[in-house]
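Just below is one structure, and these are the notes that go with it.
The values are calculated or read from the model by the stated rules, or taken from the named source; none is laboratory data. Remember, predicted model here, so these are calculated numbers, not experimental data. Cβ placement follows ideal geometry from the backbone for every residue including glycine, while neighbour counts extend to all protein chains displayed. What goes into the accessible areas is simple: the full protein's heavy atoms, side chains included, and nothing from ligands, DNA or RNA. Shrake-Rupley method; radii C 1.70, N 1.55, O 1.52, S 1.80 Å.
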There are 2 protein chains.
Amino acid sequence: MKLYVVGFGCGSHENMTFEADAAIQKSDLIVGYTTYVELIKRLYPDKNFESTGMRHERERVQFALEKAVEGLTVSLICSGDCGVYGMAGLAIEIAEKSFPNVDVEIISGVTAALSGGAILGAPLTHDFAVISLSDLLTPMDKIEKRLKLAAEADFTIILYNPSSKKRKDYCARACDLLLEIKSADTVCGFVKNIGRNGRESGVMTLEELRNFPADMFTTLFIGNSETRKIGNKMVTPRGYRNG
Amino acid sequence: MKLYVVGFGCGSHENMTFEADAAIQKSDLIVGYTTYVELIKRLYPDKNFESTGMRHERERVQFALEKAVEGLTVSLICSGDCGVYGMAGLAIEIAEKSFPNVDVEIISGVTAALSGGAILGAPLTHDFAVISLSDLLTPMDKIEKRLKLAAEADFTIILYNPSSKKRKDYCARACDLLLEIKSADTVCGFVKNIGRNGRESGVMTLEELRNFPADMFTTLFIGNSETRKIGNKMVTPRGYRNG
């Protein structure tokens, strides 16, 4: 009884690891959120897929574990890394409680901070913090506190889920908070639709990012105080003596 | 004239992406730090490798770019992701200044926070910060400030380079700082030799981590206030309502 929880990277086959591919190949059934299933289905046309809508994570994990108990080898797929805001934790938790005989194997993947960073240049060469702006499961004051402390710590900051239909102004609100601490000309970047059709990216200042129309498929990068624009790339130096 | 800067993941072929493998396959010459070249050489026995010692990063990048100018397709390899404390930034910087005709392509990889996280369970399901304890290029007071602020922000914290021959007590010093803010029973984990011979991992409390003999091949994970031990796994819940 086997469940793989698989991070498949940004969505292109090239960005997937060999073990992610092998897990999917070995699986009788691949389970995931509709958008991700559509992305991955085209790479594995002969495989069986089941998709479920957003905010049904518990049901999805439960379903995948039930199918594993029935004897199928199952892959539960997540974009990026399945441990970064993904379903790895929920799978471990539910398996431990209700499906102790299922062997759950977590397969890491390239999260958007890394695949997006490579497109922008090298924004993560020094310490960094990853923060989600989604307040679906986290109170906004906690998110705001983290933004402020991450700015004070001079981390490069990567923002996941910067906006959605219901949270149109969240990117601007986050930038306003950061601008209380960080310089308006801090080098920033965005990457949209990483590894998918309609990929876009760009480098700008924090002041410009404040008015940038980020959507739910965008990942934002806010440099530390040493981050520079080199050519059209966003680059954070290795250390403070830049040796 | 082409230089790939390639993050090859933890060192096993399975943890590599298809594009990292393709870049290495396409290259006439593969350049890297001695330890990493030894790891990767066994996967590509027919390829030409050049290795250079530690702390010679500028010379290594310069050499790789010179070989690209001579007409070779070159891969400059880094473990994990080449942008996370890696050489992507230096390659962009030196190419822009001295080798403007070389096309530099950055290929992301699975960094130890992700591959190690998958081994431990799911420590990164919520916001996190990655901090290197190496003070080779960063003043210690800056590192200590970041540790404190990351603890106050209640990030899951991943520590890279927690120790070395010259910095034997750095892990203990970092834990002492964190213990001023975080609970002594905070769930922590370590992973050693990820994807290599002699892999070890374990889950313990922050108090226990204080006396843990971390070495330079170890990555440390310090949970947030919600991180739990489930079975023998380290799991951070998705959100504060844990939905």
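Below is a table of values for the structure above.
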| quantity | calculated |
| --- | --- |
| Qualifying residue in segment A:182-201 (condition: of a type in the set (Asp, Glu) and closer than 25 Å to A:Gly80 by Cα) | yes |
| Some residue of segment B:120-131 being more than 8 Å from chain A (Cβ to nearest Cβ) and open to solvent by 10 Å² or more (accessible area, probe 1.4 Å) | no |
| Test: residue in segment A:187-196 that is open to solvent by 60 Å² or more (accessible area, probe 1.4 Å) and without any contact (Cβ under 8 Å) to a residue 40 or more places away in the chain | no |
| Criterion (closer than 19 Å to A:Arg228 by Cα and in the same structural domain as A:Thr219 (by TED's automatic domain parsing)) met by exactly one of A:Thr138, A:Thr186 | A:Thr186 |
| Within segment B:159-210, tally of residues that are farther than 17 Å from B:Met140 by Cα and in contact with a Cys (Cβ under 6 Å, 6 or more places away or on another chain) | 6 |
| Cross-chain or 6+ apart pairs with Cβ under 7 Å, segment A:49-60 first and over 19 Å from A:Thr73 (Cβ atoms), then of a type in the set (A, V, I, L, M) | A:Glu57/A:Met87; A:Glu57/A:Leu90; A:Arg58/A:Leu90 |
| Spans of helices (runs of 4 or more DSSP H) in segment A:21-111 with at least 1 residues at pLDDT below 95, of a type in the set (Ser, Thr, Tyr) and closer than 29 Å to A:Thr218 by Cβ | A:34-41 |
| Check on A:Thr236, polar (S, T, N, Q), within 12 Å of chain B (Cβ to nearest Cβ) and under 14 Å from A:Ala118 (Cα atoms) | yes |
| A:Glu208 of a type in the set (Asp, Glu) and in contact with a Lys or Arg (Cβ under 7 Å, 6 or more places away or on another chain) | no |
| Criterion violated by A:Asn101 - all others in (1) in contact with a strand residue (DSSP E or B) (Cβ under 7 Å, 6 or more places away or on another chain); (2) more than 7 Å from chain B (Cβ to nearest Cβ) satisfied | (1) |
| A:Asn197, sole failed condition from (1) at pLDDT 95 or above; (2) closer than 23 Å to A:Ala122 by Cα | (1) |
| Any hit, segment A:209-219, residues being open to solvent by less than 30 Å² (accessible area, probe 1.4 Å), more than 20 Å from the chain's Cα centre (by Cα) and touching a residue at least 12 places away in the same chain (Cβ under 8 Å) | no |
| Members of segment B:211-233 that are more than 14 Å from chain A (Cβ to nearest Cβ) and more than 18 Å from B:Tyr160 (Cβ to Cβ) | B:Asn211 |
| From B:Val110, B:Val104, residue being in contact (Cβ under 8 Å) with a residue 60 or more places away in the chain, open to solvent by 10 Å² or more (accessible area, probe 1.4 Å) and within 30 Å of B:Met1 (Cβ to Cβ) | B:Val104 |
| Test: residue in segment B:5-22 that is surrounded by 14 or more Cβ atoms within 10 Å (Cβ to Cβ) and more than 20 Å from the chain's Cα centre (by Cα) | yes |
| Residue in segment B:65-93 that is nearest to the chain's Cα centre (by Cα), counting only those that are open to solvent by 40 Å² or more (accessible area, probe 1.4 Å) and on the phi > 0 side of the Ramachandran plot | B:Tyr85 |
| Test for B:Val203: is it open to solvent by less than 40 Å² (accessible area, probe 1.4 Å), among the aliphatic types (A, V, I, L, M) and within 10 Å of another protein chain (Cβ to nearest Cβ) | no |
| The listed residue being loosely packed, with under 15 Cβ neighbours inside 10 Å and either free of Cβ contacts under 8 Å to residues at least 24 places away in the same chain or within 14 Å of another protein chain (Cβ to nearest Cβ) (or both), out of B:Asp176, B:Asp154, B:Asp141 | B:Asp141 |
| When residues of segment B:220-243 are limited to those that are among the charged types (D, E, K, R) and in contact (Cβ under 8 Å) with a residue 12 or more places away in the chain, the one most open to solvent (accessible area, probe 1.4 Å) | B:Lys229 |
| Residue tally, condition on the phi > 0 side of the Ramachandran plot and polar (S, T, N, Q), over segment A:1-53 | 0 |
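Per-residue answers, yes or no, for (1) in contact with a Cys (Cβ under 6 Å, 6 or more places away or on another chain); (2) in the same structural domain as B:Pro100 (by TED's automatic domain parsing); (3) more than 19 Å from A:Glu19 (Cβ to Cβ):
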| residue | (1), (2), (3) |
| --- | --- |
| B:Gly7 | yes, yes, no |
| B:Thr17 | no, yes, no |
| B:Ala22 | no, yes, no |
| B:Leu29 | no, yes, yes |
| B:Val37 | no, yes, yes |
| B:Glu50 | no, yes, yes |
| B:Thr73 | no, yes, yes |
